[in-house]
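Below are the structure tokens for one structure; questions will follow.
The values are calculated or read from the model by the stated rules, or taken from the named source; none is laboratory data. Since the structure is predicted, the reported quantities are computational estimates derived from the model, not experimental observations. A quick note on method: Cβ atoms are made from the backbone with ideal geometry, for glycine too, and the neighbour counts reach across all protein chains shown. What goes into the accessible areas is simple: the full protein's heavy atoms, side chains included, and nothing from ligands, DNA or RNA. Shrake-Rupley method; radii C 1.70, N 1.55, O 1.52, S 1.80 Å.
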Amino acid sequence: MSAAADPRAPWWRRAVIYQVYVRSFADADGDGVGDLAGIRSRLAHLRDLGVDALWLTPFYPSPQVDGGYDVADHRDVDPRFGTLGDFDALLADAHGLGLRLIVDLVPNHTSSEHPWFRAALAAPPGSPERARYLFRDGRGPRGDEPPNNWRSRFGGGAWARVTEPDGAPGQWYLHLFAPEQPDLDWTNGEVRGEYESILRFWLDRGVDGFRVDVAHALAKDPDLPDIPPERLRRGPAAEGHPHFDRDEVHDVYRAWRRLADAYPGERSFVAEAWLQSPQRLARYVRPDELHTAFNFHFLLAPWAAGALRQAIDATIGSLAGTGAPPTWVLSNHDVTRHVTRYGGGALGARRARAAALLMLALPGGAYVYQGEELGLHEVEDLADEVRQDPTFARTEGADPGRDGCRVPLPWSGEEPSYGFGPSAASWLPQPGSWRELAAARQAARPASMLSLYRAALRLRRELVAPADEAVRWLDAGDGVLAFRRGPSFACVVNVADEPAALPAELLGASVVLASDALAVDGSLPAATAVWLAVEAS
Ligand code: NOJ
């Protein structure tokens, strides 16, 4: 029996993990911002959906310059989101429903409001307080040019100059993200010790694991060299980069794995690392490192059979030597929602339905981003004044940023906030068309996206998860992905814009789930996926 088929396999090998973007999931107190009590009140949605676990994006005290990825205190809850007591209650309720819970760990940087950074600003150059971050003197005779040419991921330069306590223009510090997110120096023993203590704090509270933010960024080339101009573009990191995917980062994860393994209960890590090659990503999930990693190669693949198949094969192939399970993801809080990426409107929604069946048929684990089970699209017409993502301001609007995928969820009702909270307030306005997409409305409709996700997740437990881990591709026409896993499960996805016949060897199989109605002759309409149960011969 393969590790995935074994019912005793650790939960994270095939878990479907639902991403809760805390600010936008459910608002209990009516201030327009989601909170922990709101999540707790909606746990039944996740139970009924049939996921195994939830991942909470950062809810720690934070000035919210980058939606909470600017953490000022790693061991508490921001008052906007509740209290540690609310967290404990949420965790207990989730566990009571059989749902695991993982939290976000942000190790590359802190908020500029973190006590360590404040202490660094108050201390002189060369002090131990500054040594926790990457402070350097500037270039040029007056030190008024940044130490190198690195760019912030949010646009603009990656260095900010401080004013020294005596009022003079002073050193520069590195921020790969916003200036309010200074990068930590991971060669510093105090930094390493602090994060191990943070891990213990949450593990002792009972969390089931961590999502590791920008896991590939922690180690920097100690010489901080300039980046050749042709490599300064944004996008997944390529090999040999001075601040992404450096070998030294793996020591950190080996230490964390030892720490987590000492706890009972299969605690696990998932790495967020945008890398150019699946082979480099596989290094993060070697047996003594992190358990899994997000598969952005799959997410980035366009709706085209060749590209999807290539991403699937490259993922599975690259993991072969590690023993780690693959994972699959279509959307998250950093990317344009996939209904929109796949063409938008009815076509995008139809493709998204088929994509869900593809993703959930593959071996390993999967991530569902809140709202994808409702078929939400990217909100592309937000007014400039309401946009909060720092990317928008730092690129002077050239990049609209990520607010469009972060709009609060519609749950029920006729008027905004559509059940998001007890008041009409929501920190980003919801489109009127979301009234129809509210969870309560979709729950009552068998053909809705929500009903499809529920059916798929139920059948996945029965039919897909126990199937063989290996994917065996079948001959199918151009534009069609068809594969079997073990003797009794098959999935066929017609990615093309014309109808397609099922592969000959599946003609006698029974359709257990289809993303949209099949044609009367049993062929697959354009952008349709089916799951089939094959009689053992
Ligand atoms: C990745 C997170 O998903 C994103 O939202 C955040 O802006 C950056 N890391 C910086 O922490």
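Can you tell me which condition residue 462 does not meet? The list is (1) outside any loop (DSSP other than H, G, I, E, B); (2) out of contact with any Pro (no Cβ under 8 Å at 6 or more places or on another chain); (3) at pLDDT 95 or above, and all the others hold.
Condition not satisfied by residue 462: (3).
If a residue must be over 23 Å from the mean Cα position of the chain (by Cα) and surrounded by fewer than 20 Cβ atoms within 10 Å (Cβ to Cβ), how many such residues does region 214-240 contain?
Residues that pass the stated criteria total 13.
Inspect region 75-92 for any residue being within 16 Å of the ligand (Cβ to nearest atom), crowded, with 16+ Cβ neighbours inside 10 Å and in a strand (DSSP E or B) and give the result as yes or no.
Taking every residue of region 75-92 in turn, none turns out to be within 16 Å of the ligand (Cβ to nearest atom), crowded, with 16+ Cβ neighbours inside 10 Å and in a strand (DSSP E or B).
I've got another one for you. Does region 204-213 hold any residues that are within 16 Å of the ligand (Cβ to nearest atom) and open to solvent by 10 Å² or more (accessible area, probe 1.4 Å), and which are they?
213
Take residue 62 and tell me if it is surrounded by 24 or more Cβ atoms within 10 Å (Cβ to Cβ) and of a type in the set (Gly, Ala, Ser).
yes
Looking at region 27-53, which of its residues are touching a helix residue (DSSP H, G or I) at 6+ places or on another chain (Cβ under 9 Å), of a type in the set (A, V, I, L, M, F, W, C) and within 17 Å of residue 450 (Cα to Cα)?
Listed by number, the residues that qualify are 43, 46, 49, 51.
I've got another one for you. Regarding residue 44, is this residue farther than 28 Å from residue 215 by Cα and either modelled with pLDDT under 95 or open to solvent by 10 Å² or more (accessible area, probe 1.4 Å) (or both)?
It is true that residue 44 is farther than 28 Å from residue 215 by Cα and either modelled with pLDDT under 95 or open to solvent by 10 Å² or more (accessible area, probe 1.4 Å) (or both).
Sticking with this structure for a sec: Can you report the number of residues in region 328-354 which are out of contact with any strand residue (DSSP E or B) (no Cβ under 8 Å at 6 or more places or on another chain) and part of a helix (DSSP H, G or I)?
Adding up the residues that qualify gives 11.
Evaluate region 415-423: report whether one residue or more is part of a helix (DSSP H, G or I) and either among the aliphatic types (A, V, I, L, M) or farther than 15 Å from residue 34 by Cα (or both).
The answer is no, given that none of the residues of region 415-423 is part of a helix (DSSP H, G or I) and either among the aliphatic types (A, V, I, L, M) or farther than 15 Å from residue 34 by Cα (or both).
Something else now. Consider residue 170 against the criteria (1) in contact with a Ser or Thr (Cβ under 7 Å, 6 or more places away or on another chain); (2) surrounded by fewer than 15 Cβ atoms within 10 Å (Cβ to Cβ); (3) under 13 Å from residue 135 (Cα atoms): it satisfies all of them except one. Which criterion is unmet?
With respect to (1) in contact with a Ser or Thr (Cβ under 7 Å, 6 or more places away or on another chain); (2) surrounded by fewer than 15 Cβ atoms within 10 Å (Cβ to Cβ); (3) under 13 Å from residue 135 (Cα atoms), residue 170 is out only on (2).
Residue check: is residue 38 touching a Phe, Trp or Tyr at 6+ places or on another chain (Cβ under 7 Å), surrounded by 23 or more Cβ atoms within 10 Å (Cβ to Cβ) and at pLDDT 95 or above?
yes
Filter region 95-130 down to residues that are touching an Asp or Glu at 6+ places or on another chain (Cβ under 6 Å) and aliphatic (A, V, I, L, M) and give me whichever is farthest from the ligand (Cβ to nearest atom).
Ranking the candidates gives 123 first.
Of the residues 465, 470, 438, only one is in contact (Cβ under 8 Å) with a residue 60 or more places away in the chain, touching a Phe, Trp or Tyr at 6+ places or on another chain (Cβ under 9 Å) and at negative phi; which?
438
Also, I was wondering about something else. With respect to the numbered conditions (1) within 16 Å of the ligand (Cβ to nearest atom); (2) within 30 Å of residue 170 (Cβ to Cβ), which one is the sole condition not fulfilled by residue 34?
That leaves (2) as the condition not met.
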